[in-house]
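Here is the structure we will look at.
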Amino acid sequence: MRLDDTNLEAYARGCAILGTGGGGDTHAALLAARAGVDEHGPVAVVSLDDLPDDALVLPVAGWGAPTVGIEKLESGEEGDALRLAAERWFGRQVGAIMVGEIGGGNGVTPVGWAARMGLPLTDADAMGRAFPEGDMASMHVLGVPAAPAFFADERGNVVTATPLDAVWLERIARHLVIAFGGAVAGADHVMQARVARSATVRHTLPLALAIGEALDADGIEGVLSVTGGLRLITGKVTDVVRRTTGGFARGEVTVEGTGHDAGRTAVIHVQNENLLATEGDRTLASVPDLITLTDETTGDAVPTERVRYGQRVVVLGMPCAPVWRTPAGLRVAGPERFGYPGPWTPVEGTGS
Amino acid sequence: MSLRIGIDVGGTNTDAVLLDAEARVLAWTKTPTTEDPVEGIRGALAAVVPADPDEVGSVALGTTHALNALLRRSGLGRVAVLRLAGPASRSVPPFAGWPAALRSAIEAGATIVDGGVEIDGRTHPLDRDRIRIAIEAARGAHAVAITGPFSLQDPSQEREAGALVREILGEGVGVSLGHEVGGLGLLERENAAIVNAALGSVARRVSEALGRALADLGLRATPYLTQNDGTMMSIERAVALPVLTVGSGPSNSIRGAAALTGLTEALVIDVGGTSTDVGAIAGGFPRESAAGIDLGGVRTNFRMPDVISVATGGGTVIEPGGVLGVDSVGHRLTTRALVFGGDTPTLSDAAVAAGRASMCQPSLLGERSWSAALAEAERRVADALDRMKVARGDVPVIVVGGGSVILPEDLPGASHVHRPERFDVANAVGAAIGLVSGEADHVADVGEGRRDGAIEACVSDARSRAVAAGAAAGTVDVVWVDEIPLAYMDRPISRIRAKVAGPPRS
């Protein structure tokens with residue numbers, strides 16, 4: 001697989017679906033990735049199986065507030081600055097760049113960076129979706145150390161940190177985000193391909209592309225067949241409540257069923273991402289499974305900040321990566337972590 | 001000086017009304033839109049101007065000229081783009097994602113120079129030498145569009161670069177600053193500034209046409225142009241900020257519908273010849289869209305009325321077999337529709353056959369009827385109506401526009417369907433009653449008792465913009481204030497937006 005001008009848009013649409021309402025704006029990220037690919041050529045997406053055992057894999061992501069991200073755009077050099085810092089630390093070359101978070105703009109931005117560096121992307125990421133905190137990464141669940149962590153801004157500032165674990169990484173990163181003016185690029189959980197093969201969420205880049213292509217060809221039905229997801233409800237947004245507490249944009253979106261779903265009412269609970277879908281006392285889907293609102297007409301994902309009254313949506317519930325369904329995965333990113341009652345049940349057992 | 005005139009230039013018709021101080025319609029006209037703006041505006045004005053022209057205090061014009069220029073890529077100026085952001089944002093060059101044809105019609109160079117503002121208020125020094133070089137290279141362009149990050153919070157760098165353009169290239173070259181036309185989002189704001197710069201000459205032409213028409217008819221009234229949010233601005237401001245007028249058509253209809261019925265909360269259906277717009281009036285103003293706006297394929301972010309358009313109007317063609325199509329005969333309705341002696345069955349013919357309207361020669365229809373097409377038109381409009389509702393239950397609906405005879409007495413989802421007298425010139429009424437508004441969009445520190453001051457600063461900024469736009473100082477009221485807290489900050493920071501409006505200075 002390779003990402004070039006012909007399939008980047010489909011890939012970005014797929015990343016938006018996997019973003020579960022969050023993960024940052026894909027629009028500017030797509031423009032930057034296009035510019036990178038136009039100037040430096042397509043990006044190869046390689047399987048971890050095809051990399052040498054000891055190839056150094058560098059997971060990268062942008063940290064920060066979406067509001068800052070749409071004003072202060074990347075220079076394009078951030079990825080290279082992270083790579084140089086990692087190569088200096090390890091004393092050898094990075095073999096492949098890895099998307100840290102496939103969901104939303106964070107799935108798209110590293111394409112432009114990889115193009116500029118002339119390096120391949122691995123076909124795996126660390127989440128298989130979008131999550132709000134840095135420790136919600138498969139490598140953390142599976143015991144890969146977070147350190148060393150590298151941070152780079154658009155001006156050439158580089159910070160290297162050695163946090164004790166991913167929870168400390170999150171604390172340190174939050175303060176660096178502030179110091180750098182609300183946004184910073186980061187790389188952490190650097191590992192060898194041999195480790196990455198079992199510590200990452202595999203094949204999510206091809207999945208994002210397949211979602212985008214299925215969306216183009218067969219609309220929402222195509223997305224469901226590629227992801228194994230369910231239609232939780234088809235209807236109209238009749239209420240949107242938003243508030244910000246503890247650094248999270250929280251809220252509830254009420255969807256009243258139309259057509260076959262007339263008479264039903266579902267509520268989507270949001271904390272940056274869509275985390276829980278309920279109907280009365282019943283849970284339709286719950287984090288870590290994916291919940292995405294899509295536009296009924298275009299099938300495109302509707303980011304949480306763009307949800308508005310009256311929108312016609314299809315709410316999709318899609319099974320998460322197996323790592324999140326393990327006891328360790330559920331401790332890191334299960335419903336209880338976000339303050340919702342457990343126990344978690346898989347979307348294919350609860351869905352309508 | 002108590003009378004007001006409103007003119008709305010649409011794709012098909014140019015409408016004008018004369019209102020008294022209580023917004024009663026004293027005179028009205030509806031004429032086909034002309035190629036030459038001067039002729040059309042003067043003709044419409046002449047039909048409604050009172051015996052004593054000095055009784056008229058204001059003339060407000062709403063027009064699709066700017067929007068059409070953009071969609072047809074005609075009459076656009078060439079624009080040099082200056083972005084004050086480097087090294088940030090170099091990953092996305094100006095004009096990225098633009099349709100190639102529009103870009104080549106407009107672009108006269110694009111440069112990203114070092115500089116910019118941070119969310120915490122820090123500024124990076126402007127690279128003035130590079131700016132001078134870029135400006136020298138822009139010689140020959142009609143205008144320069146200048147945008148920097150967080151310029152809504154601190155516009156000083158945009159202003160400084162704008163002053164350099166004037167110093168080097170003189171007053172003949174237009175300057176369009178991002179913070180004056182766009183909202184949050186660097187690329188979208190830059191796009192809005194570019195489109196705004198490109199529309200400068202179209203705006204000058206329209207405002208000169210209005211000025212000449214006023215002079216020809218001996219009117220000494222103050223001229224205004226109506227804008228996207230349903231308010232209006234002075235001619236000088238409209239020439240500087242034409243992009244803010246591109247969405248004024250639907251807004252004028254919505255405001256006019258509200259004025260004609262006295263309702264301040266309702267859905268408004270405006271049926272034209274080609275399409276039907278469904279919008280909403282909330283608190284007396286058109287509800288605005290939260291989503292990014294696509295203008296001729298360019299993503300921008302200034303606010304437009306929240307409107308759903310469906311391809312159904314009085315001129316929509318009924319295909320063989322009685323199936324309702326999506327194409328319209330448009331302004332050729334009066335030659336092509338069956339009741340006018342033409343050869344094409346339209347929704348207007350169907351409405352006449354069903355007894356909903358009487359126009360021209362119903363006898364030409366014979367015994368034919370098109371009930372399936374009418375039902376389909378009703379279904380399309382009812383669906384759009386349902387999408388615009390913000391809550392369950394029936395709501396008051398106002399139906400306006402020349403094509404509205406195609407709709408039945410009642411509509412599903414409507415608690416009551418209001419059909420005001422002069423429903424066919426609601427858009428011109430909306431133009432005539434316009435208030436002058438101002439908006440501000442800040443990112444501010446709201447910690448430790450600073451919140452009230454931050455909101456007051458934002459409202460005050462909006463007020464001074466309203467006064468600059470032509471509102472009478474001291475009568476400007478707050479329409480809304482909106483606060484969105486930002487995450488990942490070391491202290492409480494919010495995005496605060498305010499909109500104010502008041503009557504024009506007389």
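Computed over the Cα atoms of the stretch B:155-218, what is the ratio Rg over Rh, Rh following Kirkwood? Write down the numbers at each step before the final one.
Values: Rg = 14.9 Å, Rh = 13.5 Å.
We get a ratio of 1.11 for the stretch B:155-218.
Out of all DSSP beta bridges with both ends in the stretch B:62-221, state the antiparallel percent to the nearest 5.
So the antiparallel bridges amount to about 10 percent of the total.
What does the charge count around B:L3 come to, taking other residues whose C-beta lies under 15 Å from its C-beta (Lys +1, Arg +1, Asp -1, Glu -1)?
It works out to a net charge of -2.
Excluding B:G43 itself, calculate the net charge of residues whose Cβ lies under 15 Å from the Cβ of B:G43, where each Lys or Arg counts +1 and each Asp or Glu counts -1.
Here the count lands on -3.
Determine the shielding of peptide B:187-193 by partner chains: average, over its residues, the number of Cβ atoms on other chains within 10 angstrom of each Cβ. All intermediate terms of the calculation are to be shown ahead of the outcome.
Values: counts 7, 3, 2, 0, 0, 0, 0.
Shielding by partners across B:187-193 averages 2.
Mind checking the full-extension length gain between B:E160 and B:L364? Use 0.36 nm per residue of separation minus the Cα-Cα distance, one decimal, nm.
Details: separation 204, 0.36 × 204 = 73.44 nm, distance 6.71 nm.
Stretched out fully, the B:E160 to B:L364 stretch lengthens by 66.7 nm.
Relative contact order (percent) for the stretch A:135-176, with alpha-carbon contacts under 8 angstrom and 6 or more residues of separation?
On the way: 41 pairs, mean separation 15.5, N = 42.
Relative contact order comes out at 37 percent.
Based only on other Cβ atoms within 10 Å, what is the fewest-to-most ordering of A:F90, A:F338, A:F131?
A:F90, A:F338, A:F131
Neighbouring Cβ atoms within 10 Å as the yardstick, rank B:S176, B:S74, A:S75 fewest first.
On the way: B:S176 31, B:S74 10, A:S75 24.
Fewest to most other Cβ atoms nearby, the residues stand as B:S74, A:S75, B:S176.
With each run of n ≥ 4 DSSP H residues scored as -39500 (n - 2.57), what mean residue ellipticity at 222 nm is computed for chain A after dividing by its residue count and rounding to the nearest 500 deg cm²/dmol?
Mean residue ellipticity, 222 nm, calculated: -9500 deg cm²/dmol.
How many Cβ atoms of partner chains, on average, are near each residue of A:73-80 if near means within 10 Å of its Cβ? The partial results should precede the final answer.
Values: counts 10, 6, 9, 6, 3, 2, 1, 0.
Going residue by residue through A:73-80 and averaging, the value is 5.
Classify the stretch B:159-278 as rounded, prolate or oblate from the Cα gyration tensor: take a ≥ b ≥ c as the square roots of its eigenvalues, call it rounded if a/c is under 1.5, otherwise prolate when a/b beats b/c and oblate if not.
oblate
Please compute the Cα-Cα pair-distance distribution of the stretch B:215-263 with 5 Å bins starting at 0, giving whole percents from short to long.
P(r) over the stretch B:215-263, rounded to whole percents: 5, 21, 21, 18, 17, 14, 3, 0.
By its C-alpha gyration tensor, with a ≥ b ≥ c as the square roots of the eigenvalues, how is the protein assembly as shown shaped: rounded for a/c under 1.5, else prolate for a/b larger than b/c, else oblate? Don't skip to the answer; put the middle values down first.
Details: a/c = 2.05, a/b = 1.48, b/c = 1.39.
Prolate shape, in that a/c is at least 1.5 and a/b is the bigger ratio.
Kindly put A:W63, B:W98 in sequence by how many other C-beta atoms sit within 10 Å of each C-beta, fewest to most.
Values: A:W63 21, B:W98 18.
Result, fewest neighbours first: B:W98, A:W63.
Principal axis lengths of the stretch A:1-85 from Cα atoms, whole Å, largest first?
Each principal axis gives a Cα extent; for the stretch A:1-85 these are 39, 31, 29 Å.
Taking chain A as the reference, fit the longest principal axis to its C-alpha atoms, fit the long axis of helix A:204-227 to the helix C-alpha atoms, and give the angle between the two in degrees, 0 to 90, nearest 10.
Approximately 30 degrees, to the nearest ten.
Any number yet on Rg/Rh for the stretch A:128-169, C-alpha, Kirkwood? Could you put the intermediate results ahead of the total?
Values: Rg = 11.7 Å, Rh = 11.4 Å.
Rg divided by Rh gives 1.03.
Using only Cα atoms and rounding to the nearest 10 degrees, what angle (0 to 90) does helix B:200-216 make with the longest principal axis of chain B?
Taking Cα atoms only, the helix is inclined about 60 degrees.
For the stretch A:133-279, give the magnitude of the charge dipole about the Cα centre (Cβ charges: +1 Lys/Arg, -1 Asp/Glu; no others), in debye to the nearest 20. If you can, show how the numbers build up before the last one.
Values: 12 positive and 17 negative charges, 72 e Å.
Here the size comes out at about 340 debye.
Assign unit charges at the C-beta atoms only (+1 for Lys and Arg, -1 for Asp and Glu), then state the dipole size of chain A relative to its Cα centre in Debye, rounded to the nearest 20.
It works out to roughly 740 debye.
Can you work out the FRET efficiency for the pair B:R419 and A:D165, with r the C-beta to C-beta distance and R0 = 56 Å, to the nearest 0.05?
Efficiency at R0 = 56 Å is approximately 0.25.
Could you check what % of the DSSP bridge pairs in chain B are antiparallel, to the nearest 5?
Details: 56 of 92 bridges.
Counting DSSP beta bridges with both partners in chain B, the antiparallel share is about 60 percent.
With Rg and the Kirkwood Rh both taken from Cα atoms, where does Rg over Rh land for chain A?
0.95
Please report the antiparallel percentage of the DSSP beta bridges confined to the stretch B:285-412, to the nearest 5. Intermediate results must be reported in sequence, preceding the final value.
Details: 8 of 9 bridges.
Counting only bridges with both partners in the stretch B:285-412, antiparallel ones make up about 90 percent.
Suppose every Lys and Arg Cβ carries +1 and every Asp and Glu Cβ carries -1, with no other charges. What dipole size does the stretch B:1-56 come out with about its Cα centre, to the nearest 20 debye? Walk me through the numbers on the way to the answer.
On the way: 4 positive and 10 negative charges, 29 e Å.
Once rounded to the nearest 20, the dipole reads 140 debye.
Considering chain B, what Rg and Dmax in Å follow from its alpha-carbon atoms?
When restricted to the Cα atoms of chain B, Rg and Dmax are 23.8, 78 Å.
Would you please classify the overall shape of the stretch B:221-363 from the alpha carbon gyration tensor, given that a ≥ b ≥ c denote the square roots of the eigenvalues, rounded means a/c under 1.5, and beyond that prolate means a/b larger than b/c while oblate covers the rest?
Verdict is prolate for the stretch B:221-363.
If I model a spin label as a point 7 Å beyond the Cα along the Cα-Cβ vector, how far apart are those points for A:D80 and B:S2 in nm?
Result: 7.2 nm between the two label points.
Relative contact order for chain B: what percent, with Cα pairs under 8 Å and sequence separation of 6 or more?
15 percent
Of B:L385, B:V467, B:G449, which is farthest along the charge dipole of the stretch B:380-474 in the positive direction, counting Lys and Arg as +1 and Asp and Glu as -1 at C-beta?
So the residue we want is B:L385.
How far is it, in nm, from the label point at A:W89 to the one at A:D295 when both lie 7 Å from their Cα along the line to the Cβ?
Label at A:W89, label at A:D295, 4.0 nm between them.
So for chain B, taking the charge dipole from beta-carbon charges (+1 Lys/Arg, -1 Asp/Glu), which of B:A354, B:A137, B:L3 sits furthest toward the positive end?
Selected residue: B:A137.
Just round it to a whole percent: the fraction of Cα-Cα distances in the stretch A:1-51 exceeding 12 Å.
So the pairs more than 12 Å apart make up 66 percent of the total in the stretch A:1-51.
Just name one of B:A88, B:A163, A:L330: the one whose Cα is farthest towards the positive end of the charge dipole of the protein assembly as shown (beta-carbon charges, Lys/Arg +1, Asp/Glu -1).
My answer, from the dipole projection, is B:A163.
May I ask you to derive the relative contact order of the stretch B:364-506, considering only C-alpha pairs under 8 Å and at least 6 residues apart, and to give it as an integer percent? Intermediate values should be presented prior to the final figure.
Values: 217 pairs, mean separation 30.5, N = 143.
Reported as a whole number, the value is 21 percent.
Read-outs: derived from the displayed coordinates by stated rules, not from any lab. Just so it is clear, the structure is predicted and the values come from calculations on it, not from any experiment. Virtual Cβ from ideal backbone geometry, glycine too; neighbours counted across all protein chains shown.
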